[in-house]
Amino acid sequence: MAPTSDFSDWLRSQGLEVVLLILGAALVGRFVTWARTRITDQIDQSFQHSDQLVRTESAKHRQALAQVASWVLLSIIYILVAMAVLKRLGFELAGLVAPAAVLGAALGFGAQRIVQDLLAGFFIITERQYGFGDVVEVAVTGSAEAASGIVEDVTLRVTKLRSADGEVIIVPNGQIVKVTNLSKDWARAVVDVPVPASADINHVNEILHDVGTKAFQDRRLKPLLLDEPSVMGVESLDIDQVNIRMVARTLPGKQFQVGRDLRVRVAAALRREGLGSAAAEMTAIPLTDGDQAGDPV
């Protein structure tokens, strides 16, 4: 009867505390997750109910910061609760210091990447390299192709991207060697217009200038443009073809939409001026310099 009595006493004292600690950790974790979701939802609603066409840099940073803060807080809570449960189960934490040091040294080399990920994630957040909703292109160690898409989640350890095909790409922060942010402050739509080498370049430039002026006056397109699209001139010269570059500064993340609209306008203008072959060749080009990362929207 003595062992049974001791076990019952333990259940009524420390066993109950263990159950309460686990339940408390689960409840606090639910609360932290709910608070994070509420904060991010409020940021989303304030953006959707405003007249802004794109998120501000501060809003993107606040949303990323809320995600990171909740992740760190949950990690701390679970670690502290795990230590408290171990103590109530009879494990002396002071006696585990020496074995933990040996185990830490043994696992140190294996944990280097985790520490590297955490440090890299810390600097990504503090330096505001990118945030929730940014369109980025990430060069990853050991990968020949860069990962590109919209940032959906940022923690201290990983960054989650949603590609143009709807795929979720998870990149450890420590393996990121280069980040190209395509939606920070402003962006640029680039349209290369191929015309025959025999065409009148000055006349083509006038056509493109007129297209840019009318695009900037368009009520639908003007809110996306920071200034009037300009013609940079001849970008490249081949034996039978000349590429003339047209660029437009846009709101962050809107360069793809503006680029598509400008191509349609340029193709229509070239056809009206009797340059149908150039317009057909232009519409057959899948990508330009402004679309190298693909359209994520």
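The values are calculated or read from the model by the stated rules, or taken from the named source; none is laboratory data. Computed from a prediction, not measured in an experiment: that's the story for all the values here. Neighbour counts run over all protein chains shown; Cβ positions are idealised from the backbone, glycine included.
How about the stretch 102-123: which of its residues are at pLDDT 85 or above and either at positive phi or in contact with a helix residue (DSSP H, G or I) (Cβ under 6 Å, 6 or more places away or on another chain) (or both)? Scanning the stretch 102-123 gives A120, G121. Regarding the stretch 72-89, can at least one residue be identified that is part of a helix (DSSP H, G or I), within 22 Å of the chain's Cα centre (by Cα), at pLDDT 70 or above and closer than 30 Å to P223 by Cβ? No: zero hits. Of all residues in the stretch 146-166, those being assigned to a loop (DSSP other than H, G, I, E, B) and either β-branched (V, I, T) or over 12 Å from I124 (Cβ atoms) (or both) number 6.
Yes/no matrix, rows are residues, columns are (1) modelled with pLDDT under 85; (2) surrounded by 20 or more Cβ atoms within 10 Å (Cβ to Cβ); (3) assigned to a loop (DSSP other than H, G, I, E, B):
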position: H203; (1), (2), (3): no, no, no
position: E206; (1), (2), (3): no, no, no
position: G212; (1), (2), (3): no, yes, no
position: M232; (1), (2), (3): no, no, no
position: A248; (1), (2), (3): no, yes, no
position: P286; (1), (2), (3): yes, no, yes
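Quick check on the stretch 167-188. Is at least one of its residues under 20 Å from S230 (Cα atoms) and assigned to a strand (DSSP E or B)? Within the stretch 167-188, one or more residues are under 20 Å from S230 (Cα atoms) and assigned to a strand (DSSP E or B). Here V193 meets the list (1) exposed (fewer than 15 other Cβ atoms within 10 Å of the Cβ); (2) within 30 Å of I244 (Cβ to Cβ); (3) at pLDDT 85 or above almost entirely, failing just condition (1). As a summary of the residue check, R55 satisfies the conditions (1) at pLDDT below 70; (2) closer than 16 Å to D153 by Cα; (3) exposed (fewer than 12 other Cβ atoms within 10 Å of the Cβ) except for the one numbered (3). The set of residues in the stretch 257-277 that are modelled with pLDDT of 85 or more, crowded, with 16+ Cβ neighbours inside 10 Å and not small (G, A, S) comprises Q257, V258, D261, L262, R263, R265, V266, L270.
Taking the criterion of being under 14 Å from A248 (Cα atoms) and surrounded by fewer than 19 Cβ atoms within 10 Å (Cβ to Cβ), the residues of the stretch 219-230 that qualify are K222, P223, L226, D227, E228, S230.
Take E228 and decide whether it is assigned to a helix (DSSP H, G or I), acidic (D, E) and without any contact (Cβ under 8 Å) to a residue 40 or more places away in the chain. Judged against the criteria, E228 is not a match. When V204, V138, V179 are screened for being under 30 Å from G274 (Cβ atoms) and in contact (Cβ under 8 Å) with a residue 40 or more places away in the chain, only V204 passes.
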